[in-house]
Amino acid sequence: MINLLAAAILLAQGQPDLEAPPDIAPRVVAALSQENVEIRSDFAGADIILFGAVTGLEDTDDLVIVVRGPQTDFRVMRKERTFGIWINRAPVRFADVPSYYSVASTRPLQDVGTFSSLRREGIGLEHLRLSAPDSERTEVRLGVEVTVSDVGNEIIEYREAISRNRRRDNLFAETASGVQMLEGGLFRATVALPPATPVGDYTADVYLFRDGRAVASGAVSLEVHKAGMERVIYEFAHQHGWLYGLVAVALALLFGWGAAAIFNRR
C-alpha cells in the first residue's frame, strides 16, 4: 500500500502538496498495480488496484471510475413457447457492446452527477449505450431527430437482458462507494476481473465530478491476453479457423474411436 501511495505522489509531477489552491484547474492522474493480465488454464480471476491523485480537489468533489473492455456484437433473441416447445425468435443484433463494464464511485451515481452528464459520458448501467443498428432508424418529429426502434418498446427488454446476463457472469458491475479517497487527494479502487474475463484491450477512465458534472478526467490502459499453450491455441484458432476446425473434428473422431476400442475390449 505504501508503494502505491508513493507512486501516486510521483504521478502528480512531484508536487509536495496535493491540496492545491482552488484557483488551480483540477487534474486527475492514475495508474494500475499491473498493466498486463495473463489468462492461463488455471486463471480464477484477478483483483487489480487502480490508484492515483487529484490536484485541485475540493471537499464536495466525487470520483467515478469506469472500466470498459473490448467492444463486440451481441445477438439477443426472445424465447417463446410454440406448440409446447420453447424456441428462440425475434433476434436483435447490438453493435459495439463492451464485453466488460465496471463502474465504481465515491457515492451512488444519482448523488454524483446529473442525468444528462452521466448519459453524456455513458457512466452507469442505466446510461450504457447499447445500439441495435439493424432495428433502429432516425425520424424527424416536430423538427427534432429521434431514434425509433422497429422492435418498439420491447427494445428496452432486450437491453435489460444483456445487462442481466452480463451481471450474472460478473462482467457488468456497478459499485457505489467503490472508490476510496485517501489523504492529500490520493485515491484507490479495486478492479475485479472474473474468471470469464474476455481478452483484449481495456480502458479505465477516472472522472472528477463537481456540482453534478465532470470537470476533469484521466485514463489508463490494461491488456488482458492469453498466455502459454492457451495463447498458442487461441492465435491458431483465430488465424487459421478452417484448419483449427479440421483438427478439432479429427481429434474428436480419434478420441471417440479410442474410447470405443477400450470399452469393446472390456
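Contact map, the stretch 188-209: residues that are closer than 16 Å to ILE39 by Cα paired with residues that are assigned to a loop (DSSP other than H, G, I, E, B) and of a type in the set (Ser, Thr, Tyr), Cβ distance under 6 Å, separation 6+ or inter-chain. Pairs shown: PRO198/SER99. When restricted to residues that are in contact with a Lys or Arg (Cβ under 8 Å, 6 or more places away or on another chain) and modelled with pLDDT of 90 or more, the stretch 215-233 contains 2. When the stretch 164-175 is filtered for residues that are surrounded by fewer than 19 Cβ atoms within 10 Å (Cβ to Cβ) and either of a type in the set (Val, Ile, Thr) or under 13 Å from the mean Cα position of the chain (by Cα) (or both), the ones remaining, listed by number, are ARG167, ASP169, ASN170, ALA173, THR175. Here SER135 meets each of (1) over 21 Å from VAL54 (Cβ atoms); (2) modelled with pLDDT of 85 or more with one exception, condition (2). Taking the residues in the stretch 177-203 that are of a type in the set (D, E, K, R) and touching a strand residue (DSSP E or B) at 6+ places or on another chain (Cβ under 8 Å) as candidates, determine which candidate is surrounded by the fewest Cβ atoms within 10 Å (Cβ to Cβ). Only one residue fits best here, namely ASP201. Restricting attention to the stretch 16-46 and to residues that are surrounded by 10 or more Cβ atoms within 10 Å (Cβ to Cβ) and out of contact with any strand residue (DSSP E or B) (no Cβ under 7 Å at 6 or more places or on another chain), the residue that is modelled with the highest pLDDT turns out to be PHE43.
The values are calculated or read from the model by the stated rules, or taken from the named source; none is laboratory data. Since this is a predicted model, take the numbers as computed values, not measurements. Using ideal geometry, Cβ is built from the backbone for each residue, glycine included, and neighbour counts are taken over all protein chains shown.
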